[in-house]
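Scroll down for the structure; my scribbles are underneath it.
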Amino acid sequence: MLLGAAVLAGCTGPGPAPDRPGLGVLRVSDPAAPLAYFEGARARRLADEICGPRGVRSSIDDRFEDGSWIFVRGCA
């Protein structure tokens, strides 16, 4: 359940379009309860819910930036 979660999908640089599954960048934030750096697990759960049954493709390159967690590999 995504209560108040907002998602911004977009490329942060050259690369494939974010609307193709498994490609692009997934930016996850929650305006109702802003994310902090230490809430990577919460951001991952939100991303998994957004991405559906296959979930998000998490990697060591994921990062926290300006109140959002960025999953560079997007949805699986």
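Each value in this text was obtained by applying a stated rule to the coordinates, not by laboratory testing. Computed from a predicted model, the values in this text were never measured in an experiment. With ideal geometry, Cβ positions are generated from the backbone for all residues, glycine too; neighbour counts draw on all protein chains shown.
Residues that are out of contact with any strand residue (DSSP E or B) (no Cβ under 7 Å at 6 or more places or on another chain) and over 16 Å from GLY52 (Cα atoms) within the range 23-38 comprise ALA32, ALA33, PRO34, ALA36, PHE38, listed in sequence order.
Applying the criterion of being touching a residue at least 24 places away in the same chain (Cβ under 8 Å) and in a strand (DSSP E or B) to the residues of the range 46-64, the residue that is nearest to ASP30 (Cα to Cα) is PHE64.
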